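Right, one structure below, let's go through it.
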Amino acid sequence: MASQAQVKKWTLRECVDYALENNISIKQSELDIKTSEINKKDAFGNFLPTLNTSASHSWSIGLGQDPVTFDAVNATTKNLSGGISSGVDIYSGLRNINQLHRSNLGILASKYQLDKMKDDISLFVANSFLQILFNKEQYKVLRAQQEVTKLELQRTNELVDAGVLPRGDLLEIQATIASQEQQIVNAENAIMISKIQLAQLLLIEDYQNFDTADIEYEVPPTNILNESAETIVAKAKEERYDIKIAETNTKMAEYDVKIAKGALQPTLRGSYSFSSNYFTSGLFDTPDFETQISDNKNHNFGIQLNIPIFNGFAAKNNVSRSKVNLERSKIQLEQANLDLETTVYQAYNDTKGALKAYEAAQKTLAAREEAYNYSKERYNVGLLNSFDFSQSQNRFEVAQSEVIRTKYDYIFKLKVLEFYFGIPITELN
């Protein structure tokens, strides 16, 4: 994959897809599903009869018993025996049925857990991806600002030579350029660090050649804020796997109680076995193999009834323990609902606040740009000193950076809110 990373720039969708395919935690969750499916096979197997076969071959040297006369003899004898047996649960307190239902829920819970992990990783990837975009755009702004300042340096140098401005103004502009160069270096480092963080999240080791696509992302159109917070909460409870996991765990706990109660009930099991043997000795004539096998056949049928009376309170304690776990699961479900409500309301308010901050930053930038242009005109004709002009320029640069910051902050919070509404995070537009 490293060779591909050298020649391509990753989009958000590609980053998300790659993370979902290669993330270690996701692979572990996929194995959990396989384990749950094996558990279901175990539960289904409890309904099937057991079937076993056995065989043995033995030699006896010395004192033994004649199988025909039952007299004691001193000889070398050989005995071959074999059989087959089967058993089936007729009634086991409905534990087999409840185990099967629980195993089905276990598979469902594992799948929900996998889907939740995929959603969480998608959020992490989107956040890291947006951080790179923010750092790149910040870098572009800083470079553009430096180019403007260099032009101002050239213009100031001309005005100083003409005697319009004092030489101190030239030094002020030079100091501004030096400061901007330091900011550009910091911005480059920020880009590299954010790329490394995303590459690590994707398990890509070629940090130096990893990069994201250079796409101009604008604030995406959305109607999500036209929805009420209550509507988004209700939708989140239908879509989010946190609630589904907690609900499934509660249902599994209910079956655990039923399974534990089954141990208090009688069990009934049927059995059947068939056996035969072949015996030979040098002291007397023995029938041939087929004759002995036919003559020594044995069929055994049986029914076993077990009634639990007292087992040291173990069965009752298991019932009590399962009931406690059921109550704990119900509390966890209630807590999951409360947590989701809190999270969605917070996301809703954060998104509205981020939008207002972005709109305010745009208005501030427009005002700062106008003030900067006015200061620039006055500075160029010698009506404004270099310090005041530098302050105006700094405020304009801060306003530009603030627009970038609030823009990507709003985009991410918007995507999080849409995520709770059931809209997947794969695109930013």
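The values are calculated or read from the model by the stated rules, or taken from the named source; none is laboratory data. The structure presented is a predicted model; accordingly, all values stated were derived computationally and were not measured. When we count neighbours, we look across all protein chains shown, and the Cβ atoms used for this are built from the backbone with ideal geometry, even at glycine.
If you take the residues of segment 316-327 that are out of contact with any helix residue (DSSP H, G or I) (no Cβ under 7 Å at 6 or more places or on another chain) and free of Cβ contacts under 8 Å to residues at least 60 places away in the same chain, which of them is farthest from Leu264 (Cα to Cα)?
Glu327
Pick out the one residue from Asn325, Asn349, Asn317, Asn373 that is in the same structural domain as Val219 (by TED's automatic domain parsing) and either surrounded by 14 or more Cβ atoms within 10 Å (Cβ to Cβ) or charged (D, E, K, R) (or both).
Exactly one residue qualifies, and that residue is Asn325.
All but one of (1) more than 21 Å from the chain's Cα centre (by Cα); (2) surrounded by 15 or more Cβ atoms within 10 Å (Cβ to Cβ); (3) over 20 Å from Asn277 (Cβ atoms) hold for Asn74, so report the exception by its number.
(2)
Would you pick out the residues in segment 227-260 that are closer than 20 Å to Leu338 by Cα, among the small types (Gly, Ala, Ser) and surrounded by 21 or more Cβ atoms within 10 Å (Cβ to Cβ)?
The answer is Ala236, Ala246.
Can you name every residue in segment 35-63 that is of a type in the set (A, V, I, L, M), modelled with pLDDT under 90 and touching a Ser or Thr at 6+ places or on another chain (Cβ under 7 Å)?
Ile61, the sole residue that qualifies.
Given the options Leu383, Leu340, name the one that is of a type in the set (A, V, I, L, M, F, W, C) and surrounded by 14 or more Cβ atoms within 10 Å (Cβ to Cβ).
Leu340
What are the residues in segment 298-339 that are small (Gly, Ala, Ser) and either in a strand (DSSP E or B) or under 42 Å from the mean Cα position of the chain (by Cα) (or both), if any?
Gly302, Ala314, Ala315, Ser320, Ser322, Ser329, Ala336
Residue pairs, Cβ under 6 Å, 6 or more apart or interchain, first in segment 66-88 and in the same structural domain as Ile293 (by TED's automatic domain parsing) and in a strand (DSSP E or B), second among the aromatic types (Phe, Trp, Tyr) and modelled with pLDDT of 70 or more. List them.
Final answer for the pair search is Lys78/Trp59; Asn79/Phe279; Leu80/Tyr278; Gly83/Phe274; Ile84/Phe274; Ser86/Tyr272.
Of Thr149, Thr222, which residue is in a helix (DSSP H, G or I) and touching a helix residue (DSSP H, G or I) at 6+ places or on another chain (Cβ under 9 Å)?
Exactly one of Thr149, Thr222 is in a helix (DSSP H, G or I) and touching a helix residue (DSSP H, G or I) at 6+ places or on another chain (Cβ under 9 Å), namely Thr149.
Every residue in segment 396-424 that is more than 21 Å from Gln346 (Cβ to Cβ), charged (D, E, K, R) and at pLDDT below 90, please.
Answer for segment 396-424, where residues must be more than 21 Å from Gln346 (Cβ to Cβ), charged (D, E, K, R) and at pLDDT below 90: just Glu397.
Any residue at all in segment 260-268 that is assigned to a helix (DSSP H, G or I) and not aliphatic (A, V, I, L, M)?
Yes: segment 260-268 contains one or more residues that are assigned to a helix (DSSP H, G or I) and not aliphatic (A, V, I, L, M).
Give Gly87, Gly168, Gly163, Gly106 a once-over and let me know the one that is surrounded by fewer than 17 Cβ atoms within 10 Å (Cβ to Cβ), more than 30 Å from Asn373 (Cα to Cα) and of a type in the set (Gly, Ala, Ser).
Matching residue, one of Gly87, Gly168, Gly163, Gly106: Gly87.
Quickly run through segment 340-379 and pick out the residues that are within 23 Å of Lys407 (Cβ to Cβ) and either among the basic types (Lys, Arg) or not in a helix (DSSP H, G or I) (or both).
Of everything in segment 340-379, those that are within 23 Å of Lys407 (Cβ to Cβ) and either among the basic types (Lys, Arg) or not in a helix (DSSP H, G or I) (or both) turn out to be Lys352, Lys356, Lys363, Arg368.
Out of segment 10-54, which residues are part of a helix (DSSP H, G or I), exposed (fewer than 12 other Cβ atoms within 10 Å of the Cβ) and in contact with a Gly (Cβ under 8 Å, 6 or more places away or on another chain)?
Across segment 10-54, there are no qualifying residues.
Go through the residues of segment 173-180 one by one and say whether even a single one is surrounded by 15 or more Cβ atoms within 10 Å (Cβ to Cβ), more than 30 Å from Leu383 (Cα to Cα) and among the hydrophobic types (A, V, I, L, M, F, W, C).
No.
Taking segment 371-385, which residues are touching a helix residue (DSSP H, G or I) at 6+ places or on another chain (Cβ under 8 Å) and hydrophobic (A, V, I, L, M, F, W, C)?
Residues satisfying the conditions are Ala371, Leu384.
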